[in-house]
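**Q** Submitted below is the structure of interest, expressed as structure tokens.
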Amino acid sequence: MRFRDEYRDPARVRRLARAIARTVTRPRTLMEVCGGQTHAILRFGLDRLLPETVTLLHGPGCPVCVTPVAHIDKAIALAGLPEVILCSYGDMLRVPGSSGDLAGARARGGDVRVVYSPLDALGIARREPEREVVFFAVGFETTAPANAMAVWQAKREGLANFSMLVSHVLVPPALHAILGSPGNRVEGFLAAGHVCTIMGYREYEPIAARYRVPIVVTGFEPVDILEGVLMCLRQLEEGRAEVENQYTRSVRPEGNPQARRLVAEVFRVASRHWRGIGELPESGLVLAPAFAAFDAERRFGPAAGGEEMDAGCIAGLVLRGERKPPDCPAFASRCTPERPLGVTMVSSEGACAAYYRYRHAESLRR
Amino acid sequence: MSGGESPSWNCPLPEAESEVVRLAAGGGGRAMQRLLEEVIRPLLDDPELARAHDGAVLDPGGEIAFTTDTFVVRPLVFPGGDIGALAVCGTANDLAMCGAEPLVLSLGLVLEEGLPVAVLRRVLASVKTSAEAIGLRIVTGDLKVVERGRADGLYVNTTGIGRLRSRHRIGPAAVRPGDVVILSGDVGRHGIAVLAAREGLGFETMVATDCAPVVAPVLALLEAGVAVHCLRDPTRGGLASALVEIAEAASVRILVEEAAVPVREEVRAACELLGFDPLHLPCEGRFLAFLAAPEAERALGILRNFAVSREAVVIGRVEEGASGRVLLETPFGQERPLDMPSGEQLPRIC
């Protein structure tokens, strides 16, 4: 990981900031897609190194934030079944469903276990054959290959006590939704480097062409992000709208073909509800018919209902990039990470959590 | 009593020779005596314990510091240490943070039925080694055994008494604008070591805990007459919580230079992967010292004579401003607030 320092080098960061200031000639609004990028921008104060004419909006790339209430309610209900071990990534434990969260289900005696990989859940299923092990598969394209591998492996081993509650989402349909919205302000995207490491970036080319927006595949370190911004601005200034790759040390045009093949074998694209955004066609993954036996919704009944309550905050607008967290009247007053109203304040990748963590004390200082 | 065999019907095999701790050993009868006499007292080996009385009688002489801590770490043994070392160093370090020289410790053990006696022996041996290294004695103790499933193998409580060595009261109230903040070494290793051992995370480089007594360098500072205003060990909640607690208690503003905080490369890498902030991870062999800026060089000179504080550095300064806030100066010349972690640290998805 020593290479990381190179991408946090203050001199390089300052050089890029100066190049950006020289490049931009009029107000521009860009969006970083991924919540990890949002956190890096706020953590390192990168937005403050940009000229006032450049606005960064924060995108919907927080998988925890967009997981629909119905799936969280289903996970909580499963955790309440005595035979079930509900395995989840740690992030999901504090995300509220229509009443309560998985941490609460665990406190009430539910067997909820934090795992670091779906393969850990598979291991639990092997060790505890008398229990039903359900893995809560949440995420964008980044986590899909590992989840696909777990199901593929379970089928090969005939692990009948393993299943998956699948809540996978895909990035390109979200970009369509944002660009197609009447209130859209986004003129260019920093696409998520990790997602493109798996998927490549060919699927972004029709989007760039159709909406005339530059899309730059971008990494997560300060130098990466500012370089992505600079490449995006150069395209806008030159009147180009192409897909470019800033994150060349990780992303190839075709992505990781082996991982993509596995995902295509195990999953099928389907319509999906995004929390705070709504129903998006062909925007999610479900298990393919050949693997349907490992679908927790088939085994234990479908996730249903889970109406989104009005959280009393603007989490939905924040997720769509239409507003920023400090615009919310509840931000840092009625809504804090300890007592969150909206899911964007809960998740470690959420934009509100990032603003709270890295910015909110400033108002107290002034 | 749980179902199954009643303790009174247990096979009369001597406890120390069986492989695991039995419920009967907590019953106050012969089985407990055997565990105490054959395993615990020989390993701890202190004349005060050998008297097998209800308590110890002490004459500390002068003002004392008094503190207690309970240790519930899982797993019991992790890279570079175990719960025994942690229980002794943790309480000894808390006494040192009061400006006191640790003298005696009590040891309360809650054992879970079924705990391998070999594990108990290992933990007690490391209690003894750690205590000897610090020069403190275990003079009294307690033993309970709970049913299987009611504890994570072994819980430890240590309560300690130390003799005050500082001429003035050390604490947040003494922190002044103009003070510098010294950190005795790198942060985050204990948190990553325990997490990796608990969750079976196969990192390429094994991270060992930083668990160690910090008594010697602290006493050296005090003996040299360095006017230390406040000491704090960044255990639970890490460096961030320790700094915020002091800033709030002292009603001052603390500025920390992010790049100056030493973090091992392998800890940084693990944090990047898991979505943790190294400043939120617990340390068990580190401390912060607040003192007037003109004293800083002399203090660093003293601290760097000890292995445990060889990497001591100035990481920040105390400023006027009753905001009770900690600000981190990023390498790009920006400032951002540093806050305590909120609740449980949960590893992220991607």
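**Q** Quick test of your reading of the structure: B:Phe290 fulfils all but one of (1) within 14 Å of chain A (Cβ to nearest Cβ); (2) crowded, with 16+ Cβ neighbours inside 10 Å; (3) at pLDDT 95 or above. Name the failing condition by number.
**A** That leaves (1) as the condition not met.
**Q** What are the residues in the range B:173-185 that are surrounded by 19 or more Cβ atoms within 10 Å (Cβ to Cβ) and either polar (S, T, N, Q) or in a loop (DSSP other than H, G, I, E, B) (or both), if any?
**A** Taking the range B:173-185 as the starting set, the residues that turn out to be surrounded by 19 or more Cβ atoms within 10 Å (Cβ to Cβ) are B:175, B:179-185.
If the condition is that a residue be surrounded by 19 or more Cβ atoms within 10 Å (Cβ to Cβ) and either polar (S, T, N, Q) or in a loop (DSSP other than H, G, I, E, B) (or both), then B:Val175, B:Ser184, B:Gly185 are the ones that fit.
**Q** For the range B:62-93, what are the residues that are modelled with pLDDT of 95 or more, under 17 Å from B:Arg236 (Cβ atoms) and of a type in the set (Phe, Trp, Tyr)?
**A** Scanning the range B:62-93 gives a single hit, B:Phe71.
**Q** OK, next. Looking only at the range A:327-361, count how many residues are within 19 Å of B:Pro337 (Cα to Cα) and away from chain B (no Cβ under 14 Å).
**A** Qualifying residue count for the region: 3.
**Q** Would you be able to tell me the number of residues in the range B:90-104 that are touching an Asp or Glu at 6+ places or on another chain (Cβ under 6 Å) and either farther than 30 Å from B:Gly149 by Cα or not polar (S, T, N, Q) (or both)? Explain how you work it out, then say what you get.
**A** Residues of the range B:90-104 that are touching an Asp or Glu at 6+ places or on another chain (Cβ under 6 Å), as a first pass: B:90-91, B:93, B:97.
Next, only the ones that are either farther than 30 Å from B:Gly149 by Cα or not polar (S, T, N, Q) (or both) stay: B:90, B:93, B:97.
Final tally of qualifying residues: 3.
**Q** Ok, one more. Do you know which of the residues in the range A:28-60 that are within 9 Å of chain B (Cβ to nearest Cβ) and not in a helix (DSSP H, G or I) is surrounded by the most Cβ atoms within 10 Å (Cβ to Cβ)?
**A** Filtering first and then ranking leaves A:Cys34.
**Q** Within the range A:174-192, can you find the residues that are touching a strand residue (DSSP E or B) at 6+ places or on another chain (Cβ under 6 Å) and open to solvent by 40 Å² or more (accessible area, probe 1.4 Å)? Walk me through how you get there before you give the answer.
**A** Of the range A:174-192, the ones touching a strand residue (DSSP E or B) at 6+ places or on another chain (Cβ under 6 Å) are A:174, A:177, A:185-192.
The answer is A:Arg185, A:Glu187.
**Q** Is it true that some residue in the range B:155-172 is assigned to a strand (DSSP E or B), open to solvent by less than 10 Å² (accessible area, probe 1.4 Å) and farther than 30 Å from B:Leu300 by Cα? Before the answer, list the steps.
**A** Here is the first cut: in the range B:155-172, the residues assigned to a strand (DSSP E or B) are B:155-164.
Now restrict to residues that are open to solvent by less than 10 Å² (accessible area, probe 1.4 Å): B:156, B:158, B:160, B:162.
Still in the list and also farther than 30 Å from B:Leu300 by Cα: B:156, B:158.
Yes, the range B:155-172 contains at least one residue that is assigned to a strand (DSSP E or B), open to solvent by less than 10 Å² (accessible area, probe 1.4 Å) and farther than 30 Å from B:Leu300 by Cα.
**Q** Answer yes or no: is there a residue in the range A:103-113 that is within 14 Å of chain B (Cβ to nearest Cβ), open to solvent by less than 40 Å² (accessible area, probe 1.4 Å) and of a type in the set (A, V, I, L, M, F, W, C).
**A** Yes - at least one qualifying residue is present in the range A:103-113.
Here is a yes/no grid of residues against (1) modelled with pLDDT under 95; (2) in the same structural domain as B:Phe276 (by TED's automatic domain parsing); (3) under 30 Å from B:Ile246 (Cβ atoms):
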| site | (1), (2), (3) |
| --- | --- |
| B:Arg122 | no, no, no |
| B:Glu132 | no, no, no |
| B:Val156 | no, no, yes |
| B:Asp179 | no, yes, yes |
| B:Ser184 | no, yes, yes |
| B:Arg189 | no, yes, yes |
| B:Ile192 | yes, yes, yes |
| B:Gly202 | yes, yes, no |
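**Q** Quick check on B:Arg268: is it facing chain A (nearest Cβ under 10 Å), modelled with pLDDT of 90 or more and open to solvent by 40 Å² or more (accessible area, probe 1.4 Å)?
**A** The answer is yes for B:Arg268.
**Q** Can you name the strands (runs of 3 or more DSSP E) wholly within the range B:237-328 that have at least 2 residues being closer than 17 Å to B:Arg189 by Cβ? So that I can check it myself, show each step before the final result.
**A** Values: elements: B:253-257, B:288-292, B:313-319.
Counting at least 2 such residues, we get B:313-319.
**Q** Considering only residues that are more than 9 Å from every other protein chain (Cβ to nearest Cβ) and open to solvent by 10 Å² or more (accessible area, probe 1.4 Å), look in the range B:317-340 and name the one that is modelled with the highest pLDDT.
**A** The residue in question is B:Arg317.
**Q** Being open to solvent by less than 40 Å² (accessible area, probe 1.4 Å), away from chain B (no Cβ under 14 Å), assigned to a helix (DSSP H, G or I) and of a type in the set (A, V, I, L, M, F, W, C) is the filter here; which residues of the range A:6-27 pass it?
**A** A:Ala19
**Q** Shifting gears a bit: Tell me which strands (runs of 3 or more DSSP E) are completely within the range A:119-192 and hold 2 or more residues being within 14 Å of another protein chain (Cβ to nearest Cβ), or say none if there are none. Walk me through it before giving the result.
**A** Working: elements: A:132-139, A:162-169, A:188-192.
Those strands (runs of 3 or more DSSP E) span A:132-139, A:162-169.
**Q** Here are the criteria: (1) assigned to a helix (DSSP H, G or I); (2) in contact (Cβ under 8 Å) with a residue 60 or more places away in the chain. Tell me which single one B:His229 does not satisfy.
**A** The single condition B:His229 does not satisfy is (1).
**Q** Now a separate question. Filter the range B:117-147 for residues that are without any contact (Cβ under 8 Å) to a residue 60 or more places away in the chain and more than 12 Å from B:Cys89 (Cα to Cα) and give the result.
**A** B:Val119, B:Arg122, B:Val123, B:Asp142
**Q** Going through A:Val217, A:Val229, A:Val213 one at a time, which residue ends up being assigned to a loop (DSSP other than H, G, I, E, B), assigned by TED's automatic domain parsing to the domain that holds A:Ala148 and closer than 21 Å to A:Gly321 by Cα?
**A** Details: A:Val217 fails: assigned to a loop (DSSP other than H, G, I, E, B); A:Val229 fails: assigned to a loop (DSSP other than H, G, I, E, B).
Going through A:Val217, A:Val229, A:Val213 in turn, just one is assigned to a loop (DSSP other than H, G, I, E, B), assigned by TED's automatic domain parsing to the domain that holds A:Ala148 and closer than 21 Å to A:Gly321 by Cα: A:Val213.
**Q** On to the next question. Within the range A:193-200, does at least one residue satisfy the condition of being open to solvent by less than 10 Å² (accessible area, probe 1.4 Å) and under 21 Å from A:Glu6 (Cα atoms)?
**A** yes
**Q** Checking A:Pro281 against (1) in a helix (DSSP H, G or I); (2) open to solvent by 30 Å² or more (accessible area, probe 1.4 Å): exactly one of these is not met. Which one?
**A** With (1) in a helix (DSSP H, G or I); (2) open to solvent by 30 Å² or more (accessible area, probe 1.4 Å) applied to A:Pro281, the lone miss is (1).
The values are calculated or read from the model by the stated rules, or taken from the named source; none is laboratory data. Quick caveat: nothing in here was measured; it's all calculated off a predicted structure. Methodologically, a virtual Cβ is constructed for each residue, glycine included, from the backbone with ideal geometry; neighbour enumeration extends over all protein chains shown. Heavy atoms of the whole protein, side chains included, go into the accessibility calculation; ligands, DNA and RNA do not. Shrake-Rupley method; radii C 1.70, N 1.55, O 1.52, S 1.80 Å.
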